[in-house]
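The values are calculated or read from the model by the stated rules, or taken from the named source; none is laboratory data. Just so it is clear, the structure is predicted and the values come from calculations on it, not from any experiment. Cβ atoms come from the backbone with ideal geometry, glycine included; neighbour counts cover every protein chain shown.
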Amino acid sequence: MFNKTVKELSLGLSQGEFSSVELTQHYLDRIKAKDGEINSFITVTEERALNEAKVADKVRADGNAQPWTGIPFAHKDIFCTEGVLTTCGSRMLENFISPYDATVVTKMKQAGSVCLGKTNMDEFAMGSSNETSYFGKVINPWSDKEQLVPGGSSGGSAAAVAAGLTPIATATDTGGSIRQPASLCGLTGLKPTYGRVSRYGMIAFASSLDQAGPMARTAEDAAMMLNVMAGHDEKDSTSIVKDVPDYTANLNNSIDGLRIGLPKEFFNEHLSSELQKVLQDSIKQLESQGATFKEISLPHSHLSVPAYYVIAPAECSANLSRFDGVRYGHRCEDPKDLMDLYQRSRTEGFGEEVKRRILIGAYALSAGYYDAYYNKAQQIRRLIKNDFVSAFEDIDVILSPTSPSPAFGFDAKGDDPVQMYLEDIFTISTNLAGLPAMSLPAGLINELPIGMQLIGNYFDESKLLNVAHRFQTATDWHTLAPKNI
Amino acid sequence: MQWETVIGLEIHVQLATKSKIFSGSSTQFGAEPNSQASLVDLAMPGTLPVPNEEAFRKAIMFGLAIDADINKRSVFDRKNYFYPDSPKGYQTTQLDHPIVGAGNVEIQLSNGSKKVIRIHHAHLEEDAGKSLHEDYHGMTGIDLNRAGTPLIEIVSEPDMSNSEEAVAFAKKMHSIVSSVGIGDGEMSQGSMRFDVNISIRPKGEEKLGTRTETKNLNSFRFMEKAIALEVERQIDILEDGGTIAQETRLYDGEKDISRSMRSKEEANDYRYFPCPDLLPVIIDEEYIDSIRADMPELPDARAARFVEQYALSDYDAALLAADANTAAFFEKCTKISGDAKLSANWVAGELSARLNSDEISIKQCPIEADLLGKLVLRIKDGTVSSSGAKKVFEILWKQESSDVDAIIDQQGLKQVSDTGALEAIVDEVLAGMADQITQYQEADDKKRKKLMGGFMGPLMKASKGQGNPKLFNQILAKKLNK
């Protein structure tokens, strides 16, 4: 049952093959059995989940079921959930019980779904390997001889879905945090257009880049979840007032004549030959369905990582100021004065990577450096956006790698944070431009899954999902599961 | 050496909106601590600001009132600093793209001259909460009810050269704020707060001296005293060969002293940057026009109307027109009394003095405008003398009665205007004042006027204060000048 998609489970529930309580118990049992090793959950809300499942079964019995009624899923622990521990992977929020629900949480509740718990993540979503979590590293279920990272920052969500501990999970993406773990865990992950999904209640890392989306097994499941998550929210003034289409409606549309761009800057000599081959095979597959390919140029893409590592830390340096030990969160023992309270609470509460980014951000914004760093990075951001805007004049979708390599070992990137930052070299530019993008399984390298990235024009999530679904109809990469689960 | 003072003001005005600038919490003053602090005000993780349109409306109204440019695109910035009453660790404010651009206001000085003070800009921002240091035994209490209250900060150019000008400017801004209705102007509750930038330079020197900023002056009287104190302090330092430190100073009005709060070296680097949670606010001409169409009467226009409509002097008109509530009170009073000049004297005189001494605003005035109008009517028609009216006023003020005619009757304040009866009193009094009469009759015209007063006292006494002084005067003049 655990390898079924949401679509299949929804059908099973509606045909009475199993109840939501049975389904929920099945996943809770699996979490109990398997997650000790994987560590993909920070909190499992067993009692709540079973209660929600009971309610869902009642709703179904009353004939009021919707597609999501009774479907179990998990939230990344970045979403505030009323009455439930919400840690954001940090010691700072080790004991923080949120007094309210994020908009995404409310929407999933209203859809009738069953939340199994909260998934592990890099601390405050800062990381690409899930090694920065205060609650311990997450193990990629595809690990065989050597323990491998699941990617990050939504590594807990990705590992939980890949291990069949939940059929689907919410995730967030600031520079690749949905797509890179999806690539490394053999999943389908979608980062929507900036403003498509409300950020209210999603603990902010970099406000102008953060966007929530689904971590799923298939494009169809991702479309189903996006149907629930998307929409304008008056509590988030950066969310866009725009109708939400039914993202499942056009999944089967023909892609005959679809124009796909291949950015020459991404298909360069640094790309491994194995990844080249995976992507070439995928291109051939889509060509066989009538898609046409052409080389495009994103001339400023080489500047995306440096620009990102100014803008994201700058925003986070202010966003994380509220964690001061005064109103909630970690407070040091016996502060001797106000400065001591601030310094020790924050020193103890934040991990190394978070502190590094706060410092980088504060530096980039400080008097005398603002123009050279923050302003310059914003200029680059506009250039990157313009690159995409001109590219989309003649193409419909962009295809590229998601991550440079499949899952790697812990500590593989050594002590140099820049090596880790380069994990997101293909994903960051879409966050800077605010474009929708997804990663879907495209092959195996050394028996490990690797994804390809599809980037769409603003609010073209439907088209991305359509291409991905057509690809998944013709291939079975997305159906592969790790051996040991 | 002759010194010249240069003064600029920064004024924080709380906008009278029902809810806060970025959350739905109430802005009501005086509620239980933290009862008006929502998730957003508490800066709970994941919460986001949503701008309050009414705050923009009010800021634009202010801009129109000072004839300023309204910026079609304004941007909120984060000003980063740690303090417990700033829950997000930054203040959301406007740095480079404020809603209100440059404007002008005209002030009137006591010598009758006028001066234009330039406004550099006015921007929207959120107020901080309050730290309560008393009653917590070595700890600090935090009340976030005020956190997120919308403010506009008005920044003037350094166009004032003494405390009179600074106070006149401050009063003018207070008058505009209350007339336009964007703030309640209750300075004692911190609804309007003044920071004064002061520097001095040798007379004739172009270059500005080092300035200090004196913060949070919440009355005009304290502002005047604080400026005098600071100018004196700076002159003393410079004349002793010292240098002025650029610093922020705190004035203690009760003790009339000031002390340094922080120096420039200690000043924070606020690391301003555009707030990514708030999109730039775009306003079109149509929106501004709709606000312009709804603008209430401004003090200057009202003063001009008072001169025109009620034939008041420029001075009286400006005095009464400055505050919208006072102006409305005066107009109501005049409507009943039918005498604008006399009403103006009472509103600007007796009433204002009493409000000042009791430290209450005209909105809290225990006497209704209609009632004062009735009293003024009774002065006008001769029923009661001015001095008798003051006694009536006193009873009205204490709210012991609200029937003017009944008070006049009960207190025996009704003037005797019967010429025959008054003549008898005059004759009787003059009979005992032969010396004074001789003295009067030997004096020249100028002296006579003065001596006349010497008869009025005994006459009023003999009439138990009820004689109509005007008639007494006429009868007296007739008899003495025989």
How many residues, within segment B:1-30, are under 30 Å from B:Ser163 (Cβ atoms) and either free of Cβ contacts under 8 Å to residues at least 12 places away in the same chain or of a type in the set (Phe, Trp, Tyr) (or both)?
-> 2
Looking only at segment A:64-103, count how many residues are among the aliphatic types (A, V, I, L, M), assigned to a loop (DSSP other than H, G, I, E, B) and within 10 Å of chain B (Cβ to nearest Cβ).
-> 2
Return yes or no: is A:Ser208 under 26 Å from A:Asn386 (Cβ atoms), buried (at least 16 other Cβ atoms within 10 Å of the Cβ), polar (S, T, N, Q) and in contact (Cβ under 8 Å) with a residue 40 or more places away in the chain?
-> yes
Taking segment B:115-149 and keeping residues surrounded by fewer than 13 Cβ atoms within 10 Å (Cβ to Cβ) and over 24 Å from the mean Cα position of the chain (by Cα) leaves B:His133, B:Glu134, B:Asp135, B:Tyr136, B:His137, B:Gly138, B:Met139
Taking segment A:216-239 only, how many residues are farther than 17 Å from A:Trp68 by Cα, β-branched (Val, Ile, Thr) and in contact (Cβ under 8 Å) with a residue 60 or more places away in the chain?
-> 0
Subset of segment A:309-319 [at the interface with another protein chain (Cβ under 7 Å from one of its Cβ atoms) and not acidic (Asp, Glu)] | A:Ala314, A:Ala318
Mind checking which residues of segment B:20-34 are in contact with a strand residue (DSSP E or B) (Cβ under 9 Å, 6 or more places away or on another chain) and either surrounded by 19 or more Cβ atoms within 10 Å (Cβ to Cβ) or over 22 Å from B:Met192 (Cα atoms) (or both)?
-> B:Lys20, B:Ile21, B:Phe22, B:Ser25, B:Thr27
Qualifying position, being away from chain B (no Cβ under 14 Å) and surrounded by 24 or more Cβ atoms within 10 Å (Cβ to Cβ), among A:Pro406, A:Pro417 = A:Pro406
Scan segment A:213-232 for residues that are part of a loop (DSSP other than H, G, I, E, B) and surrounded by 23 or more Cβ atoms within 10 Å (Cβ to Cβ) and jot them down.
-> A:Arg217, A:Thr218
Would you pick out the residues in segment B:270-296 that are within 14 Å of another protein chain (Cβ to nearest Cβ), surrounded by 14 or more Cβ atoms within 10 Å (Cβ to Cβ) and either polar (S, T, N, Q) or on the phi < 0 side of the Ramachandran plot (or both)?
-> B:Tyr270, B:Tyr272, B:Phe273, B:Pro274, B:Cys275, B:Pro276, B:Asp277, B:Leu278, B:Leu279, B:Val281
Number of positions in segment A:167-212 that are more than 11 Å from the chain's Cα centre (by Cα) and assigned to a strand (DSSP E or B) | 2
Go through segment A:109-124 and give me each residue that's surrounded by 24 or more Cβ atoms within 10 Å (Cβ to Cβ), of a type in the set (A, V, I, L, M) and not in a strand (DSSP E or B).
-> A:Met121
Scanning segment A:125-162 for residues that are surrounded by fewer than 24 Cβ atoms within 10 Å (Cβ to Cβ) and hydrophobic (A, V, I, L, M, F, W, C), which turns out farthest from A:Phe79 (Cα to Cα)?
-> A:Leu148
Any idea how many residues of segment B:121-139 are closer than 30 Å to B:His97 by Cβ and either of a type outside the set (A, V, I, L, M) or part of a loop (DSSP other than H, G, I, E, B) (or both)?
-> 8
The helices (runs of 4 or more DSSP H) lying wholly within segment B:389-482 that contain at least 1 residues that are within 24 Å of B:Gly349 (Cα to Cα) are B:404-410, B:445-462, B:469-480
How about segment B:66-114: which of its residues are hydroxyl-bearing (Ser, Thr, Tyr), farther than 19 Å from A:Gly361 by Cα and surrounded by fewer than 21 Cβ atoms within 10 Å (Cβ to Cβ)?
-> B:Tyr83, B:Thr93, B:Ser110, B:Ser113
Could you figure out which of (1) more than 10 Å from chain A (Cβ to nearest Cβ); (2) hydrophobic (A, V, I, L, M, F, W, C); (3) assigned to a strand (DSSP E or B) isn't true of B:Ile142?
-> (1)
Within segment A:280-308, restricting attention to residues that are in a helix (DSSP H, G or I) and surrounded by 22 or more Cβ atoms within 10 Å (Cβ to Cβ), which residue is farthest from the other protein chains (Cβ to nearest Cβ)?
-> A:Leu286
Does B:Glu134 meet the test of being modelled with pLDDT under 95 and farther than 23 Å from B:Leu319 by Cβ?
-> yes
Is one or more of the residues making up segment B:54-63 of a type in the set (Phe, Trp, Tyr) and away from every other protein chain (no Cβ under 14 Å)?
-> yes
Within segment A:250-274, the residues that are among the acidic types (Asp, Glu) and assigned to a loop (DSSP other than H, G, I, E, B) are A:Asp256, A:Glu265, A:Glu269
The residue from B:Ser385, B:Ser343, B:Ser337 that alone is at negative phi, in contact with a Pro (Cβ under 7 Å, 6 or more places away or on another chain), surrounded by 19 or more Cβ atoms within 10 Å (Cβ to Cβ) and not assigned by TED's automatic domain parsing to the domain that holds B:Gln189 is B:Ser385
Here are A:Arg327, A:Arg322: which of them is within 14 Å of chain B (Cβ to nearest Cβ) and surrounded by fewer than 20 Cβ atoms within 10 Å (Cβ to Cβ)?
-> A:Arg327
Hey, B:Glu125 in contact with a Lys or Arg (Cβ under 7 Å, 6 or more places away or on another chain) and either modelled with pLDDT of 95 or more or of a type in the set (Phe, Trp, Tyr) (or both) or not = no
Residues satisfying the stated conditions in segment A:345-366, i.e. within 12 Å of chain B (Cβ to nearest Cβ), out of contact with any Gly (no Cβ under 6 Å at 6 or more places or on another chain) and within 21 Å of A:Asn95 (Cβ to Cβ) = A:Arg346
